[in-house]
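The values are calculated or read from the model by the stated rules, or taken from the named source; none is laboratory data. Just so you know, these numbers come straight off a predicted model, no measurement behind them. Heads up, the Cβs are rebuilt from the backbone with ideal geometry, glycines too, and the neighbour counts pull from every protein chain shown. These area figures cover heavy atoms from the full protein model, side chains too; ligands, DNA and RNA do not enter into them. Shrake-Rupley method; radii C 1.70, N 1.55, O 1.52, S 1.80 Å.
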Amino acid sequence: MKKFFIKNRIYILIVVVFLILPWVFFNDSFKINSFIFANGDGNLIALPMRQVVMDSINNFEFPFWNRYIFSGFPLLANPQSSIFYPIVFILDLLFPLTVSYNISILLHYSLFGIFLFFFLDEYKLNKLASFTGGLIFMFSGMIVTHKGMPWILYAMVWFPLILFFLEKFRK
């Protein structure tokens, strides 16, 4: 185990830095329970749906139907409820909804940087160049402006990892 940490210490350090950076970049991130980071559709659509899902699960009901929209709306079929997205679902089970929502946004920003770092590192770039690429992608305009639409973040985050595995498969 000690050999693993010594051999991979630079990778472990970079992953830890990527996990810390969103907390530093978003200046109010330490008030994680007092407000919601994202403004926009996430507050109006995703949070209430996730609350209905958690209420259903707490009442030992399967979240098929959202009875609060019109005369009812399929909750299970709506991807914005995040029922089938394991990261968000587990966070929702472990934490209160606002904390879970904020942690999921910060975690996905970290995953953007980590996944792009490993993708660039697959091309045998300098570690600093790979780190810089991950950092730039992590806080690029496209990513930061979609902070208010978490389901877009949840979809975009996997693109560098898919490219990484495609490159591994190609080799």
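Quick notes
- Selection within region 63-77 - in contact (Cβ under 8 Å) with a residue 12 or more places away in the chain and open to solvent by 20 Å² or more (accessible area, probe 1.4 Å): F64, Y68, L76
- Number of the condition not met by V24 [criteria: (1) under 25 Å from Y11 (Cβ atoms); (2) hydrophobic (A, V, I, L, M, F, W, C); (3) not in a helix (DSSP H, G or I)]: (3)
Per-residue answers, yes or no, for (1) open to solvent by 30 Å² or more (accessible area, probe 1.4 Å); (2) hydrophobic (A, V, I, L, M, F, W, C); (3) outside any helix (DSSP H, G or I); (4) more than 16 Å from P22 (Cα to Cα):
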position	(1), (2), (3), (4)
M49	no, yes, no, yes
Q80	yes, no, no, yes
I83	no, yes, yes, yes
Y101	no, no, no, no
L128	yes, yes, no, yes
G148	no, no, yes, no
Y154	no, no, no, no
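- Screening F5 with (1) crowded, with 20+ Cβ neighbours inside 10 Å; (2) at pLDDT below 90 gives one miss only, at (1).
- Matching residues, region 152-171, being more than 14 Å from Y123 (Cα to Cα) and either without any contact (Cβ under 8 Å) to a residue 60 or more places away in the chain or in contact with a Lys or Arg (Cβ under 8 Å, 6 or more places away or on another chain) (or both): I152, L153, A155, M156, V157, W158, F159, I162
Yes or no, residue by residue, for (1) touching an Asp or Glu at 6+ places or on another chain (Cβ under 9 Å); (2) farther than 20 Å from I90 by Cα; (3) at pLDDT 85 or above:
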{"residue": "N39", "(1), (2), (3)": "no, yes, no"}
{"residue": "N43", "(1), (2), (3)": "no, no, no"}
{"residue": "R50", "(1), (2), (3)": "yes, no, yes"}
{"residue": "V53", "(1), (2), (3)": "yes, no, yes"}
{"residue": "F60", "(1), (2), (3)": "no, no, yes"}
{"residue": "N66", "(1), (2), (3)": "no, yes, no"}
{"residue": "S71", "(1), (2), (3)": "no, yes, no"}
{"residue": "P74", "(1), (2), (3)": "no, yes, yes"}
{"residue": "N78", "(1), (2), (3)": "no, no, no"}
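- Only residues that are among the hydrophobic types (A, V, I, L, M, F, W, C), touching a residue at least 60 places away in the same chain (Cβ under 8 Å) and either crowded, with 21+ Cβ neighbours inside 10 Å or closer than 16 Å to D41 by Cβ (or both) were counted in region 130-146, giving 2.
- Residue within region 110-125 that is open to solvent by less than 40 Å² (accessible area, probe 1.4 Å), out of contact with any helix residue (DSSP H, G or I) (no Cβ under 6 Å at 6 or more places or on another chain) and under 30 Å from F169 (Cα atoms) present: yes
- Unique match (being under 18 Å from V157 (Cβ atoms) and either under 16 Å from the mean Cα position of the chain (by Cα) or not aliphatic (A, V, I, L, M) (or both)) among P48, P86, P96, P74: P86
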